[in-house]
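Right, one structure below, let's go through it.
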Amino acid sequence: MSKLGRRVRALREGAGLGLEALAARAGMTAAALAAVEAGAAEIDYLALRRIAGALGRPVAELLAAMDEARAEEDGSDG
C-alpha cells in the first residue's frame, strides 16, 4: 500500500493541496488520509474513488500504483 500512498501524496502535492484540503474534498479526516499516504491503512474502493475525484484523476491512475507494487512483489513485469 505504500506505493499507492506515495502516488496519492505526489498527486496531492502536485495539485498544490494540503492534507487537510484534500481530505475535506474527499470527505474524510486528515488523519485517515495521512494514514493512507503513509501506507499504514487499508483503503476501500469508495474511499479510493473519493480521493481520485477530489484530485480530478481517474481511479485507474491510483489503482495503477497498486498494480505496480503487486508486480514488484511478484517479481513480474506487469
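If a residue has to be part of a helix (DSSP H, G or I), among the charged types (D, E, K, R) and open to solvent by 40 Å² or more (accessible area, probe 1.4 Å) to count, how many in the range 13-63 make the cut?
6
Condition first: modelled with pLDDT of 85 or more and not aromatic (Phe, Trp, Tyr). Can you find one or more residues in the range 65-76 that meet it?
no
Could you check how many residues of the range 51-60 are under 10 Å from the mean Cα position of the chain (by Cα) and without any contact (Cβ under 8 Å) to a residue 40 or more places away in the chain?
Total satisfying the criteria: 2.
The values are calculated or read from the model by the stated rules, or taken from the named source; none is laboratory data. None of the values given here were measured: they were computed from a predicted structure. Note: ideal-geometry Cβ built from the backbone for every residue, glycine included; neighbour counts use all protein chains shown. Accessible surface is based on the protein model in full, side chains and every heavy atom, while ligands, DNA and RNA are left aside. Shrake-Rupley method; radii C 1.70, N 1.55, O 1.52, S 1.80 Å.
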